[in-house]
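Structure, as structure tokens:
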Amino acid sequence: MSRHAELDGVRPPVQASDDRGLSTIEVVILAPVMILFILVLVAFGQLVDGRGALDGAARDAARAGSIQKDYSTALSEAKSAAQADLTDVCSGPVNVTQTSSGFEPGTIFTVEVSCQVRGLAMLGLDIPTTLTSTFSSPLDPFRRSA
């Protein structure tokens, strides 16, 4: 087209560009990466949630055990409390062990609670993630008598 046609308000025809389809390729490449990133965030969020639940279960287990009259009942109640708190968090058994020595009045009742948390298993990564938490509670001087 001549220069006079440009001045008259008529534009020359636009030639086809080589950039056609480039955004489609970008979406096809980046979409799975973005989805994987979101899934990793969710998996790590479950690990953080599992850590909080495990800390709470250890606290409840120590307190439930510290108010009992005898050692066997204390350990049984501690296990029951921890299992009740972790029913939907752990993918395996909940382990509760006493780490303090004895069960005498005026001492501390310490338990360690551990279990395998789901976490990265939702991504298909079979990485066992066992979390452990410890909590102590003083033995109640006014413990149950029966």
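The values are calculated or read from the model by the stated rules, or taken from the named source; none is laboratory data. What you see is a predicted model; the values in this text were computed from it and never measured. Backbone-built Cβ (ideal geometry, glycine too); neighbour counts: all protein chains shown.
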Residue match in region 18-29 (condition: hydrophobic (A, V, I, L, M, F, W, C) and either within 24 Å of PHE142 (Cβ to Cβ) or surrounded by 12 or more Cβ atoms within 10 Å (Cβ to Cβ) (or both)): no
Top-ranked residue in region 66-90 [being of a type in the set (Asp, Glu) and part of a loop (DSSP other than H, G, I, E, B); ranked as surrounded by the fewest Cβ atoms within 10 Å (Cβ to Cβ)]: ASP88
Given (1) in contact with a Phe, Trp or Tyr (Cβ under 6 Å, 6 or more places away or on another chain); (2) over 24 Å from PRO141 (Cβ atoms); (3) of a type outside the set (Asp, Glu), index of the condition ALA58 fails: (2)
Selection count where residues are hydroxyl-bearing (Ser, Thr, Tyr) and either buried (at least 18 other Cβ atoms within 10 Å of the Cβ) or at pLDDT below 85 (or both), scope region 102-126: 2
Options VAL89, VAL117: the member that is in contact (Cβ under 8 Å) with a residue 60 or more places away in the chain and closer than 24 Å to ALA43 by Cβ: VAL117
Qualifying residue in region 68-80 (condition: touching a residue at least 12 places away in the same chain (Cβ under 8 Å) and β-branched (Val, Ile, Thr)): no
Options ARG63, ARG51, ARG59: the member that is under 14 Å from the mean Cα position of the chain (by Cα) and either in a helix (DSSP H, G or I) or free of Cβ contacts under 8 Å to residues at least 60 places away in the same chain (or both): ARG51
Exclusive hit being assigned to a loop (DSSP other than H, G, I, E, B) and farther than 15 Å from THR134 by Cβ, set PRO93, PRO32: PRO93
Search result, residues across region 64-78 that are within 16 Å of VAL94 (Cα to Cα) and at pLDDT below 90: none
